[in-house]
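Novice: Okay, handing you the structure first.
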Amino acid sequence: MNKNLQRLDLIFKNEYDTDIILKKTFAKKNDEVINDLISSGLKGRGGAGFPTGLKWKLAAEAQVDEKFVICNADEGEPGTFKDREILSSVPHKVLSGMAVCAKIIGAQKGYIYLRSEYTFLKPQLLKVIEEFHQLLDTLKLNFRVEIFMGSGAYICGEESALFESMEGKRGEPRNKPPFPTDFGYKGKPTVINNVETLAHTYSIFKYGPDKFKDLGIQDSRGSKVFSVSGDTPIPGIYELEFGMSLQKFVDDFGDGDSKAVQVGGASGFCVPRKRFGKTVIGYQGKLRGTSLPTGGSMMIFNSSRSMYNVLHNYLDFFVEESCGQCTPCRVGTQQLLIGIQAVKKGEQPSAYLDKLLDLAEAMRVTAKCGLGQSVANSFSSIVENFREEMIY
Amino acid sequence: MAEVKQLVKGLADLHGRSMESLLPILQGIVHQEQHISEDAMVEVARELNISAAQVYGTATFYSFLHTKPLGKYVIRVCKTITCMMHGKNQIIEELETVLKINLGETTHDRKFTLLETNCLGQCHKGPAMLINDEPYTELTPEKVREIIMEYKQKEINAN
Amino acid sequence: MSDKINLKIDNIAVSIHGGATILEAAKKINVRIPTLCHHEDLCVAGNCRVCVVEQVGSDRLIPACAMPVAEGMEIQTNSMKVRNARKQIVELLVSEHRADCTRCYKNGKCELQELSSEYIVGEGGFIDLIAYKGFTIDNFSPSIIKDDSKCIRCQRCVRTCDQLQSIGALTVAHKGEHMKVSSFFDKPMFEVVCTNCGQCVNRCPTGALTEKTYLDEVWSALNSDTKHTVVQTAPAVRIALGEALGMPPGEIVTGKMVSALRRLGFSSVLDTDFTADLTIIEEGNELLQRLKKVVKEKDDSVKLPMTTSCSPGWVKFIEHAFPEYLPNVSTAKSPQQMFGALAKTFYAKKMKIDPQDMVSISIMPCTAKKYEADRPEMRSSGFKDVDYVLTTRELALMIKQAGIDFASLPDDEYDSLMGESSGAAVIFGATGGVMEAALRTAYEVVTGREVPFEGLNITPVRGMENIRETSIKIENVLPEWDFLEGVELKTCVAHGLTNAKHVMEAVRDGKAEYHFIEIMACPGGCLGGGGQPIPTSPAIRQKRSEAIYREDELKPIRKSHENPEVVHLYEEFLKEPLGKVSHKLLHTHYTERNRY
């Protein structure tokens, strides 16, 4: 086993110093904390990569009495399980991030939107929240966190769909603008951050922005928690530096026969072996995290795997999990699935794949939310790189 | 009917009667009855002063809110990519054999329902399944048989 | 938000108020952007994506209907990227739509068909998904057919049912590939809270929601040698029928319509307006009786406020949503049903026709009237009082089928006995019209004087405002009505069921006190009915409304109680308002219904 990549331990180190860190951070001016976040270069770890400090700043500027802080724990991207791990091992870091955000933007209420598949985490999490509330009372911060349970819908990881869901509606993404910092949960300014993002803020509060910024490359700063699965002898959660080369990653985690890596889950890109060396994992560059709930999914496929089956499985997933409201996503996902089946069976000529590639591109530019837009990522990268496998 | 009414009223008292209470109320009904019946939805609509169709529309959006009766233990086997790669089909076959039902069905004694589900977030430990809220990972056919036997034994002991 | 925003669309500069959408800005400079889920009466959905346009400098396309304008924006509505994407979206919609166009009721009137034609969706599109899916056609309702295989999930119907009308019969259920427009547990429409108002039908871009047609039945009756066909035409048909026959909105075509009906072969061409006048007499007297019992006799078994009962959509709505207020609904039947009951009794007798041989047909701006005619209560003549109800649209279709050049028809007059009407009857077709007609009569009954409004035009009850409250002080009453001296008669007019719901909630919560409430289920009243020509919009309804009030002004008789045929009907047949015969033929009762 190679060890090219440095394993980091910022997020999972359990430091038992929440009270000190919070006291220290609360003592700072709001602007100072926001500036620290901005200069740290921290970007949303859900995948969309919006600068966290800027998000907080926008919400802080909104002149409205009622605001909300929401932790997005609707981790549903296939191949992703890091948020579960963070919430079960270092929940106080996530809660601290929420509390600091609440203080800065002026929110009294926070929610953790926890996917129903993680219901088993709830009892322990409730205990931690209760203890955390006591800590907040001693620090004189009027802020309470509740858990809101999801009910089984991948799309609710999309932030506006998540609000709709909390409002008792179908989890259908909204038109944007307006954005959550103006019009979020119940129409109020809302900061919604991924579990991992909030946990990172804790490290920044503790060690300052520079230490975070020292990690990573260019505009992909800090460390990132990766969920590694598939054909690997060592599946699991790894905190690695942003900006790593995919080749190094495969050398460390592959089984020696890696044929492709799916970066960013079903809504991410599939990178074939020949491109491992040219691929860097970060927001910039050809590859980035997903634009949907969770970034950091790394699924490795070895040469025994049929990429047709892989794509079929992804498309099965999207056909079911599309909310169904917008045409390109609802009908497009079905057409992609039925289309590759037809080509495989010989009912459509192989050139039909080109029509499907055009369709995927149309979905990318016209779909209402990140789900429909990102179906093209996996579809096009698999069909383009493994075209033969789609036909024969 | 009276029981459902009571259940819904209790949940509405607990969670409130605004739209934001809808999902918690529906989850509460499922927790109690494994599914949300027509009668239950009408009662929810009445309590929240919304249309019954709206309750139906919301409920059917979420895959954990069932509108048809399920067994006491709902088994959800992950069918997403890595669990598929690591043999979820064998797991389902084994469950079908042990429970003597097909995927999607409920046992005659209404104890077990066997379903597939999308990613459970246990990809590094696939194949995985949930039995109600409890996750089971790194499944093998043998392990699955043992787990089901344990549940069956629990039921026998409870009687 | 009132500051002007400057942008460029297709290189044309446009300046528009902040908060406006790109679609609105484009409209201002006459650039048409195709839409499907968008409808002027409904909130923005942004889900069909047909209206996507390109913002220069942006990779993804944006929906013109949902995207607010921004300073300096440069929009291309017809770039290569836009055309490609738009065509694919239309192709996708066609692939999930049972494009059985030549056999479709909406053939030639389908917005998807129009777009497919514009974008030349020919062969070589996507795989037909209909073949892979089961679908259902619900034709159990007497009013509305719901064909899921034609649905393109634009959700106009759901927004109509849920937001515009607050009925909640339709919802979006399931997700992904299974997502569909559904009723509660996908039950047939006739089993759920559907009021049959047909507003969804008016807004459905395809043939997924249509009225149930009875054209074949009516043609058979017309072609039968033994049947005597009696037709009645509702007030709002005469000001909208022209639209379905190529005329602009707001044309009054009463005379041509009568001509056409004669040409089609109806034996008697009569007018629902006649029974509208009759409704005023019965309902007006009922109101006065209720006032007497409540104010003078303190009889608490009698309920106020009294609400109107002529809108069958409203009646079914209240039966589902506010059953505790059913005693407040006037027992007077709607003009259609009064007409039906009299046609097969009074008229049959006078004309010496065996009612068994009579086929009673009504032309209505309404789909709920089909349901109303089917109610088991509506058989007081001993027969089905109204046999078939056709919408304005269906009549237009008959006229086309018969090869009649409508525009060149001469004006003709209704037959007598049940063909005369006052201006008060005509305005039944507009929101506030029943209230105005009732006040014109009731005020005069109580005081012996005309209502104190210039030209009898009670303008405060008119208009398109959602809810209109008025109070009229009653003074110098006739001795019989002394208990009403000095009473402020408080009235309320609401149109569209969302407004109706608000009014009833205010009444229930004690926040509003009225004596008399007029409610019409459809926006604008019957002129905006679910059986009226498509499309509908606030501007079109305004035009129709103006035509109705024009027709009122043109009528020599303006008050229901002065309609000579109504006077004659009482003398010869009914004897007195609310009398024994009236009770049997002209009044009805209501039923509490389920909550889904």
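The values are calculated or read from the model by the stated rules, or taken from the named source; none is laboratory data. Nothing here was measured: the structure is a model prediction, and the numbers come from that model. Glycine also receives a Cβ, built like all others from the backbone with ideal geometry; neighbour counts cover every protein chain displayed.
Novice: Which ranges mark the strands (runs of 3 or more DSSP E) fully within region C:434-545 that have 1 or more residues being more than 22 Å from the chain's Cα centre (by Cα)?
Specialist: Per the criteria, C:467-473, C:488-495.
Novice: Please work out which residue is nearest to residue C:148 (Cα to Cα), limiting yourself to region C:189-205 and to residues that are part of a loop (DSSP other than H, G, I, E, B) and within 13 Å of another protein chain (Cβ to nearest Cβ).
Specialist: C:205
Novice: Which strands (runs of 3 or more DSSP E) sit wholly inside region C:107-187 and have at least 3 residues that are at pLDDT 95 or above, surrounded by 24 or more Cβ atoms within 10 Å (Cβ to Cβ) and not charged (D, E, K, R)?
Specialist: C:171-173
Novice: Pull out all pairs, ordered by first then second residue, where Cβ-Cβ is under 6 Å, the residues are six or more apart or on different chains, the first lies in region A:235-262 and is within 14 Å of chain B (Cβ to nearest Cβ), and the second is in a helix (DSSP H, G or I).
Specialist: A:235/B:124; A:236/B:124; A:237/A:82; A:237/A:85; A:258/A:250; A:259/A:273
Novice: Just to be sure before I move on: is residue C:478 buried (at least 17 other Cβ atoms within 10 Å of the Cβ) and in contact with a helix residue (DSSP H, G or I) (Cβ under 9 Å, 6 or more places away or on another chain) in the structure I sent?
Specialist: no
Novice: Go through region A:179-215 and give me each residue that's part of a helix (DSSP H, G or I), closer than 18 Å to residue A:103 by Cβ and among the β-branched types (Val, Ile, Thr).
Specialist: A:197, A:201, A:204
Novice: Is region C:84-94 home to any residue that is within 30 Å of residue C:522 (Cβ to Cβ), more than 7 Å from chain A (Cβ to nearest Cβ) and buried (at least 23 other Cβ atoms within 10 Å of the Cβ)?
Specialist: Among the residues of region C:84-94, not one is within 30 Å of residue C:522 (Cβ to Cβ), more than 7 Å from chain A (Cβ to nearest Cβ) and buried (at least 23 other Cβ atoms within 10 Å of the Cβ), which makes the answer no.
Novice: So, one more: Restricting attention to region A:319-344, report how many residues are at the interface with chain C (Cβ under 7 Å from one of its Cβ atoms), among the polar types (S, T, N, Q) and under 17 Å from residue C:87 (Cα atoms).
Specialist: So the answer is 2.
To keep it simple, each residue is scored yes or no on (1) within 9 Å of chain A (Cβ to nearest Cβ); (2) of a type in the set (D, E, K, R).
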site	(1), (2)
C:29	no, no
C:41	no, yes
C:45	yes, no
C:48	yes, no
C:63	yes, no
C:74	no, yes
C:80	no, no
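Novice: Moving on to the next point. Give region C:265-291 a look and list any residue that's touching a helix residue (DSSP H, G or I) at 6+ places or on another chain (Cβ under 6 Å) and part of a strand (DSSP E or B), or say none.
Specialist: Hit for region C:265-291 is C:269, nothing else.
Novice: Further question: For region C:575-586, name all the residues that are free of Cβ contacts under 8 Å to residues at least 60 places away in the same chain and assigned to a helix (DSSP H, G or I).
Specialist: Once the filter is applied, which keeps residues that are free of Cβ contacts under 8 Å to residues at least 60 places away in the same chain and assigned to a helix (DSSP H, G or I), region C:575-586 yields C:580, C:581, C:583.
Novice: Still on this model: May I ask you to list the residues in region C:549-563 that are touching a residue at least 40 places away in the same chain (Cβ under 8 Å) and of a type outside the set (A, V, I, L, M, F, W, C)?
Specialist: Listed by number, the residues that qualify are C:549, C:550, C:551, C:552, C:553, C:555, C:558, C:559, C:560, C:561, C:562, C:563.
Novice: Next up: Is at least one residue of region A:201-211 modelled with pLDDT of 95 or more, within 14 Å of chain B (Cβ to nearest Cβ) and under 30 Å from residue A:64 (Cβ atoms)?
Specialist: No, because not a single residue in region A:201-211 is modelled with pLDDT of 95 or more, within 14 Å of chain B (Cβ to nearest Cβ) and under 30 Å from residue A:64 (Cβ atoms).
Novice: Restrict the check to region A:363-384 and report whether at least one residue is more than 19 Å from the chain's Cα centre (by Cα), within 11 Å of chain C (Cβ to nearest Cβ), farther than 23 Å from residue A:160 by Cα and aromatic (Phe, Trp, Tyr).
Specialist: There is no residue in region A:363-384 that is more than 19 Å from the chain's Cα centre (by Cα), within 11 Å of chain C (Cβ to nearest Cβ), farther than 23 Å from residue A:160 by Cα and aromatic (Phe, Trp, Tyr).
Novice: Taking residue C:410, is it modelled with pLDDT under 95 and not charged (D, E, K, R)?
Specialist: No: the conditions fail for residue C:410.
Novice: Looking at region C:116-159, which of its residues are touching a residue at least 40 places away in the same chain (Cβ under 8 Å), of a type in the set (Gly, Ala, Ser) and farther than 21 Å from residue C:393 by Cα?
Specialist: C:149
Novice: Okay, moving on. For residue A:92, which of the numbered conditions (1) modelled with pLDDT of 95 or more; (2) over 21 Å from residue A:222 (Cβ atoms) fails to hold?
Specialist: Looking at each condition in turn, residue A:92 falls short on (2).
Novice: Now a separate question. Looking only at region A:134-164, count how many residues are in a loop (DSSP other than H, G, I, E, B) and more than 13 Å from chain B (Cβ to nearest Cβ).
Specialist: Residues flagged as in a loop (DSSP other than H, G, I, E, B) and more than 13 Å from chain B (Cβ to nearest Cβ) within region A:134-164 amount to 6.
Novice: Further question: Taking only region A:347-362 into account, find how many residues are farther than 30 Å from residue A:178 by Cα, within 14 Å of chain C (Cβ to nearest Cβ) and not acidic (Asp, Glu).
Specialist: Going through region A:347-362 one residue at a time, the tally reaches 8.
Novice: Look at region C:344-376 and say how many of its residues are within 27 Å of residue C:209 (Cα to Cα) and over 20 Å from the mean Cα position of the chain (by Cα).
Specialist: 2
Novice: May I ask you to list the residues in region C:157-183 that are out of contact with any Cys (no Cβ under 8 Å at 6 or more places or on another chain) and farther than 24 Å from residue C:528 by Cα?
Specialist: Correct list: C:172, C:173, C:174, C:177, C:178, C:182.
Novice: Go through region B:26-138 and tell me which helices (runs of 4 or more DSSP H), entirely inside it, have 3 or more residues that are within 14 Å of another protein chain (Cβ to nearest Cβ).
Specialist: Result: B:38-48, B:52-59, B:81-85.
Novice: Does residue C:271 fit the bill of being farther than 20 Å from residue C:387 by Cα, touching a residue at least 60 places away in the same chain (Cβ under 8 Å), buried (at least 19 other Cβ atoms within 10 Å of the Cβ) and of a type in the set (D, E, K, R)?
Specialist: no
Novice: Identify all residues within region A:102-139 that are closer than 14 Å to residue A:191 by Cβ and under 19 Å from the mean Cα position of the chain (by Cα); write none if there are none.
Specialist: Correct list: A:111, A:112, A:113.
Novice: Starting from residues that are surrounded by 22 or more Cβ atoms within 10 Å (Cβ to Cβ) and within 10 Å of chain B (Cβ to nearest Cβ), keep the ones in region A:165-181 and report whichever is nearest to residue C:62 (Cα to Cα).
Specialist: Only one residue fits best here, namely A:172.
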